[in-house]
Amino acid sequence: MTAPALPASPWRRLAAACYDGLLLVALWMVVLLASLFAHSLLGVARNDHANSLLLFLTGLSFFGWSWTHGGQTLGMRSWRLQLVRADGAAVRWPVAAVRYTLMLASWLIALAVPILPALPVAVTATMPYRVEATGACAAYTFIAVAFLLLDGRRRAFYDRLTSTEIVVLPRPA
């Protein structure tokens, strides 16, 4: 009989997220550089919406492939974490896509809290509600972290919505 898998602590999840975030930013840089070269070679004007979609699909490919092929990204592997389904089945692409989309939105909102107030006034002149937006992002982040800490299995809201959780793998013998 194997012992039930332990839920990952928030600190472990954050450490793995930092590893994966660095890797994702590096992937985005390579993809944007390739896009820049392609646009200049073809003489086509850049399209910010197309680049945004390209970045989204790059992240989805990285996380989706990792989660559907073993349940671990490179950062999760470093911290012995694994994404598992509540029913024990392997994570499938539709679940991975929904989880990535919700996770990305959650991180973007959380990262907006320190970024929005630091933006220069010239940039935020078109944002008359900068203080309110920062407050809303901070409130969301507080609720999301409280949800993670208060859940018995340490699941984020996107884990609950996709019936997944991140567990700690046992140490190799």
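Just so you know, all these numbers are worked out from the coordinates, no wet-lab data involved. Just so it is clear, the model here is predicted, and its values are computed rather than measured. Neighbour counts are summed over all protein chains in view; Cβ atoms, including those assigned to glycine, are modelled from backbone coordinates with ideal geometry.
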Under 9 Å between Cβ atoms, which residue pairs at least 6 apart in sequence (or on different chains) link something in region 138-157 that is surrounded by fewer than 12 Cβ atoms within 10 Å (Cβ to Cβ) with a partner that is of a type in the set (F, W, Y)? I143/F157
Please pick out the residue among A50, A5 that is surrounded by fewer than 16 Cβ atoms within 10 Å (Cβ to Cβ), more than 14 Å from V167 (Cα to Cα) and either in contact with a strand residue (DSSP E or B) (Cβ under 6 Å, 6 or more places away or on another chain) or small (G, A, S) (or both). A50
